[in-house]
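Have a look at the structure below, then the notes.
Nothing in this text is a laboratory measurement; each read-out follows from the coordinates by a stated rule. Not measured: the values here are computed from a predicted model. Glycine gets a Cβ as well: all are built from the backbone with ideal geometry, and neighbour counts include every protein chain shown.
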Ligand code: ATP
Ligand code: MG
């Protein structure tokens, strides 16, 4: 009788910054897929607060933002019985490994990153953390030897760099890290309400997934539509309208067809079209708003989940960092035994 070896589930690492409330882009590009993956993969879901400090922000606000993001993770359906949900700074091995990776990461590669170019343009004096961000991201992923990373399109380049750091480190210090695969959905980059930049917590061009219906409407009504449609009687072009592309994600197929036809035929104005979109978005997230309210009524549950998650993550993190330290010669006690 042949014995079949139990196959280990593939491990995935997922991170999100507590720079604000989770928004539609985070949901479509990340959270929704994390939920779908939790049965098939061994998952780590990380609230990356060490990353969030690179963007400035008020330290007094950060603890609340971290907890709010944990609530969003749980409300969309991440199940702590199926994966490890934790806060990055509870596992200091992330920052330790990032420092060690600095030894093999070329500055030129970091300067080439599109997000670095975009985000650094806002600063007169650019903090080094902004440049180093992808090194910490590589550490987040490789610390757990993740096989795959589900990210939005905007993170493709950072994932390439993670693979390069793994390769370079392995070449110098010996094979240890797998080259993680980026799992990128087909939803692309979700654009913000400005219809131009990607929807981003730090840009404020968002619709938050847990917003109340009146807030969703207040946000959606500001969305930029087809700039050529000046008057209500002008025919619109759904293909270039961000409101229409959001309809395709959140409205029922029949509604999507209707709004496209009415836009092209100028029989429905943009405000009405946005009203329908706001209703579709609010309806999509209604069960999650309910779950979030219930969780917020039990803060001790959230605390327990995060503390338990950190303890489990640390066990895995220590295994890797011990080997890394040895290979890089930081185990000075071995001077007597080598
Ligand atoms: P920040 O502006 O602070 O960088 P963010 O909104 O870009 O915040 P992140 O925490 O950087 O969010 O990213 C979390 C996850 O959401 C990542 O997997 C990222 O690829 C995905 N994501 C973020 N914005 C979008 C978007 N507009 N479309 C698709 N996916 C996105
Ligand atoms: Mg981002």
Under a GNM of the chain (C-alpha, springs under 10 Å), which listed residue has the highest mean-square fluctuation: 151, 126, 35?
126
Per the stretch 4-75, sqrt(5λ) over the Cα gyration tensor eigenvalues, sorted largest first, in Å, gives 28, 13, 10
Can you pull a Stokes-Einstein diffusion coefficient for the stretch 84-240 at 4 °C (1.567 mPa s), Rh from Kirkwood over Cα pairs, as a whole number of µm²/s?
71
Test of understanding: express the Cα radius of gyration of the stretch 215-255 as a ratio to 2.2 N^0.38 Å, with N the residue count.
1.23
Spherically averaged projected area in nm², based on the convex hull that wraps the Cα atoms of the chain:
22.8
What's the Cα-based Rg to Rh of the stretch 216-306, Rh via Kirkwood?
1.18
Using Cα pairs under 8 angstrom and six or more residues apart, how large is the relative contact order of the chain, in percent?
21
In degrees, nearest 10, range 0 to 90: what is the angle between the Cα axis of helix 299-327 and the longest Cα principal axis of the chain?
50
Taking 46, 263 and counting other C-beta atoms within 10 Å, the order from fewest to most
263, 46
By average Cβ neighbour count within 10 Å, what is the ranking of 204-210, 319-325 from highest down?
204-210, 319-325
Report, in degrees rounded to the nearest 10, the 0 to 90 angle that the Cα long axis of helix 62-76 makes with the longest principal axis of the chain.
70
What is the log10 of I(q)/I(0) for the stretch 44-175, computed with the Debye formula using one identical point scatterer on each Cα and no solvent, at q = 0.10, 0.11, 0.18, 0.19 Å⁻¹?
-0.35, -0.43, -1.13, -1.24
How many percent of all Cα-Cα pairs in the stretch 171-218 sit more than 14 Å apart?
68
Percent antiparallel among DSSP beta bridges with both residues in the chain, to the nearest 5?
10
Could you work out, for the stretch 153-308, what percent of all Cα-Cα pairs fall into each 10 Å distance bin, beginning at 0 Å and stopping at the bin that holds the largest distance?
10, 27, 26, 20, 12, 5, 1
